[in-house]
Structure formats: C-alpha cells, structure tokens
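S.K.: Take this structure, written in structure tokens, and hold onto it; I'll ask about it next.
The values are calculated or read from the model by the stated rules, or taken from the named source; none is laboratory data. Everything quoted here is computed from the prediction, not taken from an experiment. FYI the Cβ positions are ideal-geometry reconstructions off the backbone, even for glycines, and counts take in every protein chain you see.
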Amino acid sequence: MLMTRPSFDTLYEALLNRDPSYDGRVFVCVASTGIFCRLTCPARKPKRENCTFHDTVSECFDAGFRPCKRCRPTTPEATADPVVKPLIEALEKRPSYRWGEPDLVRMGFDPSTVRRAFKRHFGMTFLEMARQRRLQEGFSTLADGGKVIDAQITAGFDSPSAFREAFARILGQSPGVFSAKPLLFADWVASPLGPLIAVTDRTQLHLLEFLDRKAFPTEFRKLQTYAKGEIGFGRTEVTDQIQGELDRFFAGTGGQFQTRLALHGSAFTRDVWRELLTIPPGETRCYSELARALGRPEAVRAVARANGANQLALVVPCHRVIGADGSLTGYGGGLWRKQRLIELEQSYRQTPAA
C-alpha cells in the first residue's frame with residue numbers, strides 16, 4: 001500500500017507554512033506560472049485555485065509543468081545549496097585536515113551562514129562533520145591493523161587523550177578496549193548520507209548505524225555484552241557485501257539487500273523488524289498499519305518503540321514508516337536523512353528492484 005496523500009487543505013497549509021515534513025515527497029504545481037515547486041519554496045505563495053499537488057517529479061513533468069529555479073525540486077536540497085556543495089567537495093579532498101572557521105573565511109564563506117546551512121541540511125555543523133570525517137580516517141587505520149598512535153596521527157589529533165575521548169564519544173569506549181581476537185568485527189562503510197559503522201561476523205550483519213546517531217554508543221554497548229567484549233576492528237566478506245549493496249542502492253540500481261542479518265531484540269521487536277522487511281522500496285506504512293499486519297492493532301506504541309530500536313539502518317527500512325497523516329516522524333538518523341531516503345526510493349516505485 002502506497003502512502004495516502006493528505007488532503008488538499010493539509011498540503012496547502014503546509015505550503016503556506018513551508019513545512020519541511022513533506023519536502024521532497026509532495027510537490028505543488030502552479031497553474032498561473034506553469035512551474036512546480038517544493039512545499040518549502042521561498043517564492044511568494046500561489047492562490048489555492050492555482051495549485052495542484054503531486055507525489056513525484058515525473059508526475060509534475062507529465063502534467064506539463066517545469067521545475068522552479070529557486071527551490072530546484074529536481075535536485076536534492078543539500079547539493080543545490082551553493083554553500084554546501086563546495087565545502088563537501090573540499091572535505092572529501094582533505095578528509096584528515098583539521099578544518100576551522102579561518103579556513104571558511106579564506107574560502108569566501110561567512111562561518112555563521114555555513115553553520116546554519118549545514119545544521120538545516122544535516123543536523124550538524126560543517127566543523128562537526130569534518131571532525132567526524134577525521135575520526136573515520138583513524139578508524140580505518142585501526143581496522144587495517146594499525147596502532148592507536150598511527151590512527152591518532154591519521155585523524156589529525158595532536159593529543160592521544162583528545163583522540164581517545166573523541167573516539168569514545170562515538171563508540172562508547174576508547175580504541176584500546178577493543179579485542180585483539182574478536183568474534184565480531186567493526187569497520188565503517190561509506191554512503192552519500194554519511195558514514196555508517198558495520199559490525200559483522202563471518203556470516204551475518206549484526207549492526208549498521210550512522211556514526212552520528214545519538215543512540216549508537218548504547219547500541220554498541222549492548223552488542224559488546226552479547227559478544228562478551230569480543231568486538232575488534234576489522235572487515236569481513238559480509239562488510240564488503242553490505243558496502244556493495246549500499247553502493248547499488250544509492251546508485252538507484254538495487255533496492256533489495258541480500259546480506260544475512262542477525263536480529264538482536266525481543267521476540268516482538270524481531271517480528272516488527274521482519275514486517276519492516278516486507279515493505280517494498282518506494283512504499284511507506286504508518287505505525288497502525290504495521291500493528292494491524294502483526295495482528296496486534298492495539299500495539300501501535302509498542303510498534304513505534306520497536307521501530308525506533310532498529311539497529312540495522314537502511315537494511316531494515318524503518319525509514320519507510322511515516323505518520324498517519326503522511327508527514328515525516330522521528331528517525332534516529334535525522335529527519336533530513338529520512339527525507340532523502342524516501343525521495344531516493346521514489347525511483348523504485350515503478351521499477352522492480354534489482
């Protein structure tokens with residue numbers, strides 16, 4: 001079942017308020033101008049009688065409308081921002097560089113403008129993103145068998161204690177605590193929405209989570225308990241498999257994941273996650289629909305909690321659960337990621353997943 005579009009009155013009110021909840025998922029076509037826009041477009045708002053709403057960009061084109069040049073509805077919002085794109089490119093060229101506000105000024109940017117733009121699009125500042133990127137470099141050094149001091153230098157930290165503290169804030173423990181003879185292996189995998197940590201054994205994926213999710217240290221500690229402290233750095237064939245599947249997913253050539261999953265949770269929680277796995281790419285459900293599908297129509301809140309406890313991001317698609325009114329609801333990876341994922345998966349609605 002596809003998302004039930006909210007009423008015209010709801011969408012028009014969202015347009016007037018520039019409500020980001022529908023951004024990238026519903027578009028407004030304006031008869032008086034012949035253009036279509038995001039609901040967050042900064043242009044002057046059209047009259048009710050001139051508006052129609054469509055779910056996809058292709059529907060807007062089919063109806064004879066052209067894209068707005070101000071809000072650029074055919075382009076992911078973040079990459080259309082003239083502040084964001086050049087800084088992301090600069091960060092990828094120098095991932096281990098210690099970026100600071102003087103660097104932004106030298107590049108011709110106002111630090112406060114950069115701060116607002118990155119917070120709006122990514123939920124973090126550019127400098128926070130750069131710090132996270134440096135830690136990735138250090139993590140990769142450790143995963144490749146390097147020493148802690150090598151990882152510290154690669155990550156651009158002058159102080160060993162500062163590196164350990166930054167590392168512990170993300171993973172909940174310092175690098176020296178990791179096992180030298182692990183049962184589970186941790187390494188980071190890349191994605192256009194930011195780095196993720198994958199924890200695998202030789203046959204299954206146990207955890208896949210965005211590096212900046214607040215609940216990540218707690219999730220990692222629970223997995224440490226399960227593995228009796230035997231989590232170490234390293235990459236397995238399962239890590240390579242999930243990286244390849246993520247690459248195809250974001251390239252729009254594969255909406256299905258075949259990696260074997262280890263589901264850690266109560267019986268009810270696992271049932272919810274298995275139900276999530278039945279939602280095809282490009283479709284959505286609300287919590288009450290999930291509860292009914294499980295034969296527990298009264299358990300809407302319990303379903304929501306289980307959905308939020310998912311520790312296999314993207315693969316177990318908790319991002320495909322929305323509010324009953326069609327609006328975005330909470331997502332541990334950030335609403336901006338949820339919006340991008342739903343927007344990306346629109347391409348899978350009419351094209352069978354690879």
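Rundown of residues vs (1) of a type in the set (A, V, I, L, M); (2) in the same structural domain as Ala251 (by TED's automatic domain parsing); (3) at positive phi, yes/no style:
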{"position": "Glu128", "(1), (2), (3)": "no, no, no"}
{"position": "Gly138", "(1), (2), (3)": "no, no, no"}
{"position": "Thr154", "(1), (2), (3)": "no, no, no"}
{"position": "Glu165", "(1), (2), (3)": "no, no, no"}
{"position": "Asp187", "(1), (2), (3)": "no, yes, no"}
{"position": "Pro195", "(1), (2), (3)": "no, yes, no"}
{"position": "Val199", "(1), (2), (3)": "yes, yes, no"}
{"position": "Glu219", "(1), (2), (3)": "no, yes, no"}
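S.K.: Considering only the stretch 286-299, I want to know if a residue exists there that is farther than 26 Å from Val199 by Cα and within 16 Å of the chain's Cα centre (by Cα). It would help to see each step written out before you state the result.
M.R.: Start the filter on the stretch 286-299 by keeping residues that are farther than 26 Å from Val199 by Cα, which leaves 286-299.
Filter once more, keeping what is within 16 Å of the chain's Cα centre (by Cα): none.
No.
S.K.: I need a count of the residues in the stretch 119-146 that are aromatic (Phe, Trp, Tyr) and over 17 Å from Pro102 (Cα atoms).
M.R.: Initially, the stretch 119-146 is screened for residues aromatic (Phe, Trp, Tyr), giving 122, 126, 139.
Filter once more, keeping what is over 17 Å from Pro102 (Cα atoms): 122, 139.
Adding up the residues that qualify gives 2.
S.K.: Also: Any idea which of Asn17, Asn50 is more than 30 Å from Glu275 (Cβ to Cβ), at pLDDT 80 or above and in contact with a strand residue (DSSP E or B) (Cβ under 7 Å, 6 or more places away or on another chain)?
M.R.: Working: Asn17 fails: in contact with a strand residue (DSSP E or B) (Cβ under 7 Å, 6 or more places away or on another chain).
Being more than 30 Å from Glu275 (Cβ to Cβ), at pLDDT 80 or above and in contact with a strand residue (DSSP E or B) (Cβ under 7 Å, 6 or more places away or on another chain) holds for just one of Asn17, Asn50, which is Asn50.
S.K.: Need pairs with beta-carbon distance below 8 Å; first residue closer than 16 Å to Ala198 by Cβ and within the stretch 214-233, second surrounded by fewer than 17 Cβ atoms within 10 Å (Cβ to Cβ) and of a type in the set (A, V, I, L, M); sequence gap 6+ or separate chains.
M.R.: From residues that are closer than 16 Å to Ala198 by Cβ, the pairs are Ala227/Leu183; Ile231/Leu183; Gly232/Ala180.
S.K.: Hey, another quick one. Inspect all residues belonging to the stretch 169-190 and state whether any of them is within 28 Å of Pro111 (Cβ to Cβ) and more than 17 Å from the chain's Cα centre (by Cα).
M.R.: Yes, the stretch 169-190 has at least one match.
S.K.: Check off (1) within 20 Å of the chain's Cα centre (by Cα); (2) buried (at least 19 other Cβ atoms within 10 Å of the Cβ); (3) at pLDDT below 80 for Ala80 and give me the number that stays unchecked.
M.R.: (2)
S.K.: Restricting to helices (runs of 4 or more DSSP H) lying wholly in the stretch 245-330: which have 1 or more residues that are among the β-branched types (Val, Ile, Thr) and crowded, with 19+ Cβ neighbours inside 10 Å? Steps first, please.
M.R.: Details: elements: 267-276, 287-293, 300-308.
Where helices (runs of 4 or more DSSP H) fall fully within the stretch 245-330 and carry at least 1 residues being among the β-branched types (Val, Ile, Thr) and crowded, with 19+ Cβ neighbours inside 10 Å, they are 267-276, 300-308.
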